[in-house]
1. Could you check how many percent of all C-alpha pairs in the range 16-68 are farther apart than 15 Å?
2. Which order do the peptides 58-68, 44-54 take when ranked by the mean count of other beta-carbon atoms within 10 Å per residue, highest first?
3. Quick check for me: using +1 on Lys/Arg Cβ and -1 on Asp/Glu Cβ, what's the dipole size of the chain about its Cα centre, in debye to the nearest 20?
4. Can you give me the distance in nm between label points at R70 and A21, each placed 7 Å from the Cα along the Cα-to-Cβ direction?
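Bear in mind that the values in this text are calculations on the coordinates, not laboratory data. Because the structure is a prediction, the values reported are computed rather than measured. Positions of Cβ are backbone-derived with ideal geometry, glycine not excepted, and every protein chain shown enters the neighbour counts.
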Amino acid sequence: MAETLADAGFIVAAINLVPGAAHFAFLAPCSAPLKQDAAEFCVDAKGFDRVAVHKQLNERALEFFEAHVR
């Protein structure tokens, strides 16, 4: 896929896998009301730290944009 994106003119810095991440892990960490009303969006695999993963994703996205978008 990275080659396809690069061939289409997109900047491809890296593709990263996030161990233990399921589909909903990429939604923002859940608030208390959301945990109560829609718990299925808030349950992660044992040992997966959604807050830490999002902190790292945010930092890496910022690094990417600072390096490639001016």
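1. Here the long-distance tail beyond 15 Å is 51 percent of all Cα pairs in the range 16-68.
2. For the peptides 58-68, 44-54, the packing ranking is 44-54, 58-68.
3. 200 debye
4. 2.9 nm
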